[in-house]
1. Could you go through region 205-228 and let me know if any residue there is touching a Gly at 6+ places or on another chain (Cβ under 9 Å), among the polar types (S, T, N, Q), in a helix (DSSP H, G or I) and assigned by TED's automatic domain parsing to the domain that holds Leu157.
2. Step by step: first the residues of region 216-257, then only those that are farther than 24 Å from Lys296 by Cα and of a type in the set (Lys, Arg), then the one that is modelled with the highest pLDDT. Which residue is that?
3. Which pairs do you get when a residue that is surrounded by fewer than 19 Cβ atoms within 10 Å (Cβ to Cβ), found in region 428-457, comes within reach of a residue that is assigned to a loop (DSSP other than H, G, I, E, B) and among the basic types (Lys, Arg), reach meaning Cβ atoms under 7 angstrom, with the pair 6+ apart or on two chains?
4. Can you pull out every residue in region 440-462 that is among the hydrophobic types (A, V, I, L, M, F, W, C) and outside any helix (DSSP H, G or I)?
5. What are the residues in region 144-159 that are over 17 Å from Leu119 (Cβ atoms) and either modelled with pLDDT under 95 or out of contact with any Leu (no Cβ under 9 Å at 6 or more places or on another chain) (or both), if any?
6. Please go through region 116-154 and give me each residue that is crowded, with 18+ Cβ neighbours inside 10 Å and of a type in the set (S, T, N, Q), ordered by number.
7. Checking the structure you have, find out if any residue of region 7-27 is at pLDDT below 75 and touching a helix residue (DSSP H, G or I) at 6+ places or on another chain (Cβ under 8 Å).
8. How about region 397-424: which of its residues are buried (at least 19 other Cβ atoms within 10 Å of the Cβ) and modelled with pLDDT of 90 or more?
Amino acid sequence: MLKDLDNLVGKIPNEFLQYLNSEFNCLYEYLSNSEELDNFIIGKYQNMVILEEDDEILKFLLNVLDLEFIEEVKLSQITIIRIGLNCDEDIQLHYAKKGGTYMPISFLDKNFGSTFFSLLDSTKKKIRIISPFIGYKTALALVNFIEQTDNELDCVLITRFDREDFIKGVSSITGLELLKRAGVKMYALQGLHTKLYIFDNESIIMGSANFTFNGFYKNHEFGVFMEEEREFSVECNNYFDGLLKDIKNHGDWEITQDLIVKEKPYCDDAVTGRAHSQKKARKNELPVTIQPNRVKWGATLDMNGQQRFDNNIEKDIVEEILKEESENQIQIRNTGIWLKFEGNSENRIPNNLTYFERRKKEHRRRTFFPKPPSGIKGGQLLFMTMVSTDKEDKGTPIIVGYAITSGFNETNIVDDNAPFNSKDRKGRYPYFVELTSGRFLKAPIKEGITLRELARELQTDLYPNPKSNFNEIIYTHRQKSHLQVTERAHDYIMQRLDSLFKEYGYEEL
């Protein structure tokens, strides 16, 4: 009750007390049933708890499973630590005044990423990660460190393996594949919420940030960083080891390469199916009701209170609609980075050929267009994209390499030596640009990067003019010979191509 706060007058700083009063008033506005403020009583699991001693703060920080958030509130003269714990489906608020005798603890808000990678650089033996979502960029950065370090790094990760997460792009199945190939041991736990990072058993990061680029650098996240605090480190390590033991005791929930390979086509099918379901309804036709995909795989522990779905449930073709806003709402439209399509849906390129096997030698340094590609300038990059079929024999454009072009000029019109039946300028693709250099996958086209994968991983960040749903993302390329993509798409595609080049080799112009 309000009078309980009145009893704190003279016992805590006035500014702290004023802040607690404002918090109480907010709870009153949210929870009251029209009773007077003086008669309002907060429920048992919504009490406001004031922490006074260091060991009390430590106790709550160690409660990582129930920790909902931790944040710093800076007042004019003091700073408050505000901790939210899950208590019987409610959030119980805890407060402490920061300063003086606290353990060696630092609060993180905008520097999650820099702190993580700084600690990673000094890691010698092992790293432990708990994160519901895994991002492609952060996974790639960790893989690069593992491959470049001289130390034998033991890396174990606990995450979720939910199909809907992969479809929406909040977690990257391609990122998981990179980590698996780098030797990271990964285990799946349904209903996972905790985020915890442990370096060499000593340094700890915990808070609200997932192991994603947005979690580390863009979202408004908060957490704590602690080192040289033995009790805290031991408890966090015990928590990780205990959780991992529980997962193993509930079955074989290690994420394998085979599991990832089998899951990717289901995700891509769902992306394509969602695109189809998002087409505009015809006249007198009811719109499709879209439901989230329920397929999840992983251990289910009693403390998570989650129902486990059978991982053999057939995939849903109709899915929950994507949010229309992308994380980069404003992007530069004219990026000068292109997807250049070759082939068409009526004449798909056989997926068992390499890029050069299906090109006449005299035309390897040209790519052709039905209309003058005046927007393509000298020095710009083309991702060569074959309209073909994937490993599952499903139609999709597939990126097999990249090239730098000298750009289009009005003299770039084919003659009788064009790679199609034509006379003079009457062919279907009479215009071309010259390719000055390039690198292409030395493997069948089907081993390349599908547009379905790009839609799954990049979502609305694929094109400079963001698309609102999968239908627009998947089908934008139809009837087009080339499309611009974003800088983020460029980075993703180049990183994926580099990985494929290492695996299969490459050929150059």
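1. Checked region 205-228: at least one residue is touching a Gly at 6+ places or on another chain (Cβ under 9 Å), among the polar types (S, T, N, Q), in a helix (DSSP H, G or I) and assigned by TED's automatic domain parsing to the domain that holds Leu157.
2. Applying the filter and picking the extreme gives Arg230.
3. Short answer, once both residue conditions are applied: Glu434/Arg365.
4. Selection gives Phe440, Leu441, Ala443, Ile449, Leu462.
5. Glu147, Asp150, Glu152
6. Hits for region 116-154 are Thr123, Ser131, Thr138.
7. No, region 7-27 has no match at all.
8. Listed by number, the residues that qualify are Pro397, Ile398, Ile399, Val400, Gly401, Tyr402, Ala403, Thr405, Phe408.
The values are calculated or read from the model by the stated rules, or taken from the named source; none is laboratory data. This structure is a prediction, so every number in the text was calculated from the model and none was measured. Virtual Cβ from ideal backbone geometry, glycine too; neighbours counted across all protein chains shown.
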